[in-house]
Structure formats: C-alpha cells, structure tokens
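S.K.: One structure, as structure tokens, below. Some questions next.
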Amino acid sequence: MSSYDYDLFVIGGGSGGVRGARVAASLGKKVAIAEEYRYGGTCVIRGCVPKKLFVYASQFHEHFEDAAGFGWTVGESSFDWKKLVAAKDAEIARLEGLYKKGLAGANAEILETRAELVDAHTVRLVKTGQTVTAKTIVIATGGRPNPHAALPGHELCISSNEAFHLEELPKSIVIAGGGYIAVEFANIFHGLGVETTLIYRGAEILSRFDEDLRRGLHEAMVAKGIRILCHDMLQKVSKGEGGLVLETLNSGTLQAGVVMLALGRDPNTEGLGLEAAGVAIDERGAIIVDDYSRTNVENIYALGDVTNRVQLTPVAIHEAMCFIETEYKNNPTRPDYELIPTAVFSQPEIGTVGLSEEEAGKRYGELEVYRAQFRPLKATLSGRAERMIMKLIVDAGSRKVVGAHILGHDAGEMAQLLGVTLKAGCTKDDFDQTMALHPTAAEELVTMYAPSYRVRDGQRV
Ligand code: NDP
C-alpha cells in the first residue's frame, strides 16, 4: 500500500488540471485537486467561453441591419450590458458546476483552496494550513495577463479579466496589443457600440498569422469603424478630467474611458513553492518540462499555460491525456503540436491550420498558392461590404496541403474540419476530387483548380 495520502495531487482546476484529475480518478487512482479561484480556469471562467458569448452579443447590431435586405423591419433595438453580464455569469456558473460534477463523479476529491508545494511529495493547503502528500503531482496553474508594470499608469488599466465584469460599458476604449485577445475584444467592444482604438507596436496585427489574412482583417475592422494604430505604443496613462489620458509614441495624446492591456500572459508560478520542491523554471517564470510534460523533478509534471508551450485550451487537455498515458497506462506519449487548428474570433473571423505562406516559403522550395476572395452570398442582399478570403498553401513537390487559411463567417468551424484533412496528409488532388457542397462558402476550398501564384525559394513568381 502506498505511503502517500494520494496517488495524484493536481494544483489548478482549469482545462488541463481537471482533465488530468478526472481521468486519473476514473482509473481508480486516489486523486485530489485544488483550485484557489473557480473550477474551469481561464477558459471557462474568464477566457474562451465568456469571450465567445460576448462575441455573439456584439454581432446582433449587424444582424439587425442586415435583416432589412431580406425584407425584415426590425423595431427599435437597445442593448443592456448588465443583462448580458448576468446571463453570461449564470452560464459560467452552470459550466463550473459541470466541471465539479465530473470530478466528483470520478471520485476525485475537490479542494477549494490555494495549494503550494512544500517539497517534491508534499503540498500545503493554504486555507487550512494542512499538509498532504502525493506520489505524483501535476501543476496546472495556468497564466494571467501580463500587467505591463513598466508602463507608467498601468494600474489604471484593465486586462481581459476585468473586461468580463465592467460595471458599465465605457463610451470609448483603447486596447493595447495586437494578438488574439486585443483583436477579439476590439471587435466585441466596437460591436457593442464602444468607440474603439487598437494600438499595436508591430507593422500589422496578429503577427503569427498569414499576412494576407492579417491585412484583410485589418482593412475589415477599419471599414467597420475601429481605429488601428500600428507601429505605436502606449507611453503613459494618467487620470484626466473626463477619463484617462494616454501618451503614445507616435499618435500624440489619446483619451479613453477605459484602457485595456492585452500584451500576452505570464505563467502562474509565483509563491507556488517550486524552489522548495526543486522544480526549475525559465526566465519568464514558466515551468520547464520535457517532451512528456515532466519537470526536472521525477514525480512532478506540469501542463497547460504554466509551461509556456502553446497557450490553447485543447492543447492543455491533450497534454493532460498524454500525461495519463505516460504515467498510468505505461505508454509514454508526447503531446503532438503539429497542425493545431486555431481561430481568432474577430469580426470577420480567422480560422487557420498549418503554415502561413511566409512560413511555408521558408520550409519548401516551391509552393502553389490557391487564393479566392469573394463576396459571400448573404452579403449580396444585406448589402454589407464584406469579402471572404480563402487560401490553400500547397507544397508543389508532394502536392500536400500544408496550410489552410480563411477570413470570414464561420472560419473557425471550417478550420476545425480542415484540421482533419491536413492531419490526414491530404493532397491538393484530394481536395480537387471532393464534391463541392453548394451553395456554401466552404465549397471554394474544393473548387480552386488553378494556382493563383507560385512561391519559389520564398519569392512570389
Ligand atoms: P498574444 O501572444 O496573442 O499577443 C500578445 C500581443 O502583445 C502581441 O501583439 C505582442 O506583440 C504584444 N506585446 C507583447 N509584449 C508587448 C510589449 N512589451 N509592448 C507592446 N506590445 C507587446 O497574447 P494574448 O494576450 O492576446 O493571448 C494570450 C494567449 O491566449 C494567446 O497566445 C493564445 O494562445 C491564447 N488565446 C487564444 C484565443 C483563441 O484561441 N481564440 C483567444 C485568446 C487568447 P508582438 O506580436 O509584436 O510580439
């Protein structure tokens, strides 16, 4: 019989931690999981899920406008921010309950407390001061918004955490950053009627995406009325008479009701007792793990955003399942990071899987690029000036599709399915042999017969 209190102790009740704890418990292991805030973690409580609900909310004013082109007369409409926040909170509470129910159903012990390491096998439960021991420990404490402490006045700014619970909608907002969160929230706030400015240090928003889509989204956002300031940064934020006053590097002084910083996220490792347990971290504070999510301490693993690998919910869940295989099924399994589909829930949306044209150009000698830009059917009657972009990047040598990129409605939904085709190694010929489904936007993906252009040695020819 084990001399430890638990077979497994999981610190952190987010996507990765809950999955690891629940599955280990369902295998008959004696498991405890501790969470200091709310079960569900960033994704459920103040990330992906409430964000997507806000995205839906922010799209209705366009739906109301578009309705006229289809013969509808929509009466006067108004929006109640507090109602939305309350409805969102109720749904999040329901999901949190489901997470706990799943854990309880598998017989994992649910602890509502912060937990810190005392040594490699001992954890202190902060609420009671009690210490418990475990054979294996998983750290899945996630991350938090980078507070950008070097910015004078950063304490006057909000992060995405607070954006979910603003007392009221501001008249204007400035969002700093050009990544997923900045871009998604810029579209949300604009859609809800807030005068929105995005300020980003680089040449173009969404630095890790295909250039074509970045430009297309930028243009679409500006056409909607979102102000985007590239090559620019906040220098100082202070309180003014009517709100906040912002000094910028290149655009002079701006004013805003709210300033939101979306400048990346930091791993939650402070005060966790990592030093006491001998767990190594990198210069950003993220836990260093090997290919199997194991830290430098044999019995301690780390999953999800706390390890600074790919910061996405499904990736954390996948890492948890690989941990289960490795630790409890005698089947050492490395997480697979190849071809992760991803979406930016901007308006229009971006959905993508595989290599951007720029990345593929560096990896393959010759590419065929298939590109379509068109007005979606719905926009004909709505009169909305919007264009979809679809792009397939094909390695000319093997004919394999190595990247697929979409800008437009339901791009995320399409990217999920394209993920299957790319993962299966489909070639452009497989796409050509697939019957179109008419009339859809996605049929463009199987009806682009001739390359729009080629890329040889990284150069368009
Ligand atoms: P991102 O890494 O996407 O973006 C961070 C942004 O901040 C980048 O534009 C970066 O610029 C900029 N930045 C970083 N440091 C500074 C600085 N010191 N000064 C000025 N600008 C700076 O992070 P997010 O915070 O938007 O999101 C965190 C992660 O969460 C994402 O990486 C993503 O994995 C995940 N996420 C996923 C979503 C989804 O799946 N739809 C939605 C939201 C988040 P630069 O590009 O020049 O480095």
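S.K.: Report yes if some residue within the range 303-310 is among the acidic types (Asp, Glu), out of contact with any Cys (no Cβ under 8 Å at 6 or more places or on another chain) and within 16 Å of the ligand (Cβ to nearest atom); otherwise report no.
M.R.: Within the range 303-310, one or more residues are among the acidic types (Asp, Glu), out of contact with any Cys (no Cβ under 8 Å at 6 or more places or on another chain) and within 16 Å of the ligand (Cβ to nearest atom).
S.K.: Might you let me know whether the range 284-291 holds any residue that is among the aliphatic types (A, V, I, L, M), closer than 30 Å to LEU169 by Cβ and in contact (Cβ under 8 Å) with a residue 40 or more places away in the chain?
M.R.: Looking for residues that are among the aliphatic types (A, V, I, L, M), closer than 30 Å to LEU169 by Cβ and in contact (Cβ under 8 Å) with a residue 40 or more places away in the chain, one finds none in the range 284-291, hence no.
S.K.: Go through (1) under 25 Å from GLU443 (Cα atoms); (2) within 15 Å of the ligand (Cβ to nearest atom); (3) not polar (S, T, N, Q) one by one and return the number of the condition LEU377 breaks.
M.R.: (2) is the only condition that LEU377 fails.
S.K.: Identify all residues within the range 269-287 that are among the small types (Gly, Ala, Ser) and outside any helix (DSSP H, G or I); write none if there are none.
M.R.: GLY271, GLY273, GLY278, ALA280, GLY285, ALA286
S.K.: Continuing with this model, one more query. Quick test for you: out of GLY102, GLY75, GLY69, pick the one residue that is open to solvent by less than 70 Å² (accessible area, probe 1.4 Å), more than 17 Å from CYS43 (Cβ to Cβ) and in contact (Cβ under 8 Å) with a residue 40 or more places away in the chain.
M.R.: GLY69
S.K.: Right, next: Residues that are among the basic types (Lys, Arg), in contact (Cβ under 8 Å) with a residue 12 or more places away in the chain and under 24 Å from ARG208 (Cα atoms): list the strands (runs of 3 or more DSSP E) wholly contained in the range 354-461 that include at least 2 such residues.
M.R.: So the answer is 453-456.
S.K.: Has the range 238-254 got any residue that is free of Cβ contacts under 8 Å to residues at least 40 places away in the same chain, surrounded by 15 or more Cβ atoms within 10 Å (Cβ to Cβ), in contact with a Lys or Arg (Cβ under 8 Å, 6 or more places away or on another chain) and β-branched (Val, Ile, Thr)?
M.R.: yes
S.K.: Among the residues of the range 358-391, write down those that are in contact with a His (Cβ under 8 Å, 6 or more places away or on another chain) and either open to solvent by less than 30 Å² (accessible area, probe 1.4 Å) or of a type in the set (Gly, Ala, Ser) (or both).
M.R.: Across the range 358-391, the qualifying residues are PRO376, MET388, ILE389, MET390, LYS391.
S.K.: Let me confirm something: among ASP266, ASP290, which residue is more than 16 Å from the ligand (Cβ to nearest atom), modelled with pLDDT of 95 or more and either surrounded by fewer than 17 Cβ atoms within 10 Å (Cβ to Cβ) or in a strand (DSSP E or B) (or both)?
M.R.: ASP290
The values are calculated or read from the model by the stated rules, or taken from the named source; none is laboratory data. Worth saying up front: this structure is predicted, and the values here are computed from it rather than measured. Note that each Cβ is placed from the backbone with ideal geometry, even for glycine, and that neighbours are counted across all protein chains shown. Protein only, heavy atoms only, side chains kept; ligands, DNA and RNA dropped before computing areas. Shrake-Rupley method; radii C 1.70, N 1.55, O 1.52, S 1.80 Å.
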